1. What residue in chain A has the Cβ closest to the axis turning A into B, and how close is it in whole Å?
2. Do the alpha carbons of any pairs in A:216/A:446; B:206/B:306; B:392/B:480 sit beyond 20 Å of each other, and which pairs?
3. Going by amide H atoms built from the backbone, whose H comes under 5 Å of the H on residue B:9, apart from near neighbours?
4. How far is the Cα center of the stretch B:303-366 from the Cα center of the stretch A:46-91, in Å?
5. Compute the relative contact order of chain A as a whole-number percentage, counting only Cα pairs closer than 8 Å that sit 6 or more residues apart in sequence.
6. Compute the relative contact order of the stretch A:364-442 as a whole-number percentage, counting only Cα pairs closer than 8 Å that sit 6 or more residues apart in sequence.
7. Please arrange B:14, A:84 by how many other C-beta atoms lie within 10 Å of their C-beta, fewest to most.
8. Taking R0 as 60 Å, what's the FRET efficiency between residue B:6 and residue B:172 from their Cβ-Cβ distance, rounded to 0.05?
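What follows draws every value from the coordinates through simple rules; no lab data is involved. If you're wondering where the values come from, they're calculated on a predicted model, not measured in any experiment. Every residue, glycine among them, receives a Cβ derived from its backbone with ideal geometry; neighbour counts consider all protein chains shown.
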There are 2 protein chains.
Amino acid sequence: METKKDFHMSPEDFRRYGHELVDWIADYQGRVENLPVLSQAQPGQILSALPKQAPEQGEDFSAMLKDVEQIILPGITHWQSPNFFAFFPANVSGPGILGELLSAGLGVQGMLWVTSPACTELETRVLDWVVDLLDLPARFASTAAGGGVIQDSASSASLCALLAARERASAYRCKDQGCDGKQTIYVSTQTHSSLDKAAMIAGMGKDQVRKIAVDKNHAMQARELARQIEADRAAGFTPCFVCATVGTTSSNAMDPLCAIGEICRQQNLWLHVDAAMSGSAAVCPEFRHIHDGLELADSYCFNPHKWLFVNFDCDCFFVADRAALTRALSIMPEYLKNQPSESGQIFDYRDWQIPLGRRFRALKLWFVLRHYGKRGLRFHVRRHVDLAQQFKSWVEAHDQFELAAPAPLNLVCFRHLDSDARNQYIMDRLNQSGQLYLSHTRLDDKLTLRMSIGQTHTEQRHVERAWQLIQAAAQGYLEKKA
Amino acid sequence: METKKDFHMSPEDFRRYGHELVDWIADYQGRVENLPVLSQAQPGQILSALPKQAPEQGEDFSAMLKDVEQIILPGITHWQSPNFFAFFPANVSGPGILGELLSAGLGVQGMLWVTSPACTELETRVLDWVVDLLDLPARFASTAAGGGVIQDSASSASLCALLAARERASAYRCKDQGCDGKQTIYVSTQTHSSLDKAAMIAGMGKDQVRKIAVDKNHAMQARELARQIEADRAAGFTPCFVCATVGTTSSNAMDPLCAIGEICRQQNLWLHVDAAMSGSAAVCPEFRHIHDGLELADSYCFNPHKWLFVNFDCDCFFVADRAALTRALSIMPEYLKNQPSESGQIFDYRDWQIPLGRRFRALKLWFVLRHYGKRGLRFHVRRHVDLAQQFKSWVEAHDQFELAAPAPLNLVCFRHLDSDARNQYIMDRLNQSGQLYLSHTRLDDKLTLRMSIGQTHTEQRHVERAWQLIQAAAQGYLEKKA
C-alpha cells in the first residue's frame, strides 16, 4: 500500500483523525467543567506512565488519542474550565483554535515579507484593526511611523521595548560595544517579574532596575519616579526606560500614565506600557480611561491570549517609532537578502522580535476579531467585568472578608480577615478539591486571594458557586482546628 | 437563539467548520504542488484587499474561509510545496498539525509544572526520547544532570546558551550588575546571524563576537580559534562562549566538534552546538558522525520544525548542566510561588527560556515520533539525502555547473561557471516563474545557488524537473542577451 510504504499519514487518515480530534475538542469544551481544575497529578506521575523510548515502528493515531485521554488529561490543569480563577485568564475560542489549525496546515515561515507576503501584511492590517478596536493613539498604527507586531508573550514584548530603549539612549552603541552597567530602568514594586528578567537578559543588570514605591492602591508614585531619576543622574547613571503597568498581575493596579508620561517626555526616557492582562478592557468605551496618557508612550503591549479569546501565543506589541525598534534588532546576512527587503517598501517582522522564525499567528487573531465583531467582544468583556463586580460586592458585604485592592475590572483581590493561615487553608482546600482553582499574592504583607474572572465559558453560576465554596472553606478551617 | 446571543461559536459550528478546515488542509496538501511556490504578490497587495477596520457585527466563518482562498492564498509562499528548495525545509506532517490543533484546543499554559504537569512531563520525556533517537550524549538527558526543552527557534536556544555561558563565566554577576563589554564570543565567519543578534540582545556587544576563519570547506579552523582565544586573554578580554555549527545555513559546513571541544574544555569555555538544520540526520546511524565530539558540548540544539515533520515552532534545546541554565534565567515572584516548585522535585520550564508563557508544544513532537516511529523517520531522512546526492551527481557531471561546497547531506550549493549575473538570472527567472523556489548565498565571493531538499512530499520527479528547469534557465540567459 502506497500510503503505508512512505510512512506518511494518508490524506484519508488525516481527514478521519482530524474530524475525530475536532469532535474531541468540542466534547472537551462540554465536559471540562466537570473535571478537576487543578491537576491532581503527583510529580513524576505522567513521566512514569510514558515509555522510555520512541517506538521503532510507527503507531496508529488512535493509540495517541487513547493516551491523551488516559495519561495526559489527568495531568492537565484546565485553563479552559469555567471554574478556573487563578493567575489570569488564557481564554480560547472556536475561531481562534481554527486559526491555529490553519496556520499549522499552511506551515509558512513569516520571517521575511518575501517568505509569505500575506503572513506579514495580514498581521500589519489586523494590528491596525486593534489600534482602532482599543482606540489606541494613532501613532501606534503602521500608517504613521509606528506599527504593531505579534509577539509570543508580554515578556518578549517588554524585552524588545527595553532593547530599543537601551539602544536609543546609547546612540545605538550598546548593541555593538556591549553594556556598561550604567543605564537605569524604572518599574514599580508591583511591575511584572519579566522586567527584572529582561534587564538580566539585556545585560543591563537587575541591580539597575529601580523599584519605585507604590501608593495605597499599589500604583506607581510618579513623584518618587521623578525623584529617583534625578538621584540616578546625579550619581552618574543614565536613566533610559520606564515600564508603567495598566493592570498589574498581582492586584490589577493602574499606574498613572499621564504623570509618568510627562516625566518620561521631560527626561527623554522610553516609556513602555504593559497592559498584558487588562488592555482588552479597552474594547469597551467605558473602560478606555485605563489608557489615558498612552499617547505619551513609546511602546505598548496587551495579550489577546489572555482576555480576548485568542489562544496563546498572541501578544500585540506596538511602537510609536518602528525604526527605533528595527535598528536595535536588525541583522541581514547574505542568505536572507532579497529585493523586497532592500526596497524598504515592506516590513520584515524578524527585525521586530528576538527569534528569526515566526509562524502565521495573525490568522487566529483575524478569525477571532471577525467572528465576534467589535460588538461580541464588548459583550464578553463587559460580562466578565460585571461578574467580577458582583463578586466584589459580595466580599464587601461580608463581615469576615475584605477587599485587598480596588478591583477596577475583572480581578478581585480579597482575603479573610482572620489570618494568613486561614487564607492559605481556603486556597489549598479549594484547589485540592478540584472544584475551582484560585491563586494568591501578597499585598500589604498579607496573604491575599485572587479571583480572576475571564474564562470564555464562565457564567454567573460558576462565580456564585465559587463564592459559596470559599465561604464554606473558611468555615471548614474552624472545624479542622476544633 | 442561545448560541447567537452569546456570540460564541456554537459547538455545532465548531464541529462543522473544524471538519471543513481539516478537509481544506487535506485538499491544500494535494493541490499545493500546482500553485506558484514563491508568492507573486506585490508589496501592499494583500494589505489593500483587507478592510481598514474590524467588523462591528460578527461574521460567519464561511466568509473567512472564502477570504483565505481569495485574499490570503495568493500571498502565500508555499513552504509545503514539493517544489520548495529555498532556505531550509520547514516540513510539516499530518500528526504534527493535529498535535498543534490539540494544543490549541486544550489551551493550557505550561509556564510552571503546576499549571499543567502533563505539559512539563511529556516534554521532559519526549526530549529524552530525542536523546535516544539521535544517539546524543547521555549527559543531555533529564535522567542525568542535563535535560531538554522546546524553544521556539534555534535563535532563542542560542541566546539561552549564551546567557548561561555569560553567567557561568562571570560567576553569575552579569545578570545582577550588568555586562562590561569584556566577554568574548567565538563563532566562524559562516555561523548563523542569530549569534550576532544574541550578542547584541545579551548586552555583550557584536564587537565582541570573533569570527574565526574557515577552511576550504567553510568549516571553522580550530587552530585559529585557539589562537584568537589566547590573543583575547592577552588583551584583557574574558573568552566565555563558542558556537560550533553542524551544518551551516549557508553551505551545510560541519565545524570540527572534537578539536573545538578540546579547546573549550582546556580553556573552560561554554561550547554550544547549533545543528538547527542538520541535526535530524542523526536519526540514521550512518550520519551520526556529524555529532562526533558532541560529548564535549555544554549545549546543543536542532530543529524538528525544519527537517523532522513537526510544524514550526519546535526547536529541541539540550543542556548538560540544567542548573547553569536555570540559574541564569530564574526569577520567582510571589504570585507564581507554589509548593511543587519549592520542593525542587519538578522542572518549571519558564526558567529554561526567555518568555514566561509557553504552550503545549510537546504534543506535536510526541505525535510525530509515534506516528512515524524511528523507522519512518530514518526512511524519509535517507530519502531526502539520496535525492540531494543524485542532484549533486548531476551538477558534478555537467560541464557548465560546479559544486560550491561538499554537500554532505540534503543541501547542494552549486553555480553556473559563467558569472554572478548568470546565476542571478537563473534564480530570478525560476523564482518568478512560480515553478520552484531556490535561494542563494555567497561562497568564495561568488553568487551561489542553494538547492535544499527536505519538504515532506518532495519526490524524485520534483528534483529531476528542478534540474531541467535550472539548465533551461541557464540556456535562456544566452537567448535573453542575444
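1. Taking the axis that maps A onto B, the answer comes out as A:203, 1.
2. On the way: A:216/A:446 14 Å; B:206/B:306 27 Å; B:392/B:480 27 Å.
Violating the 20 Å limit, Cα to Cα: B:206/B:306; B:392/B:480.
3. The answer is A:94.
4. One Cα centre to the other: 17 Å.
5. Values: 874 pairs, mean separation 104.3, N = 482.
Taking the mean separation of contacting Cα pairs over the length of chain A, I get 22 percent.
6. Details: 57 pairs, mean separation 13.4, N = 79.
Value for the stretch A:364-442: 17 percent.
7. Details: B:14 23, A:84 26.
Lowest to highest Cβ neighbour count: B:14, A:84.
8. Working: r = 51 Å, r/R0 = 0.86.
The calculated FRET efficiency here is 0.70.
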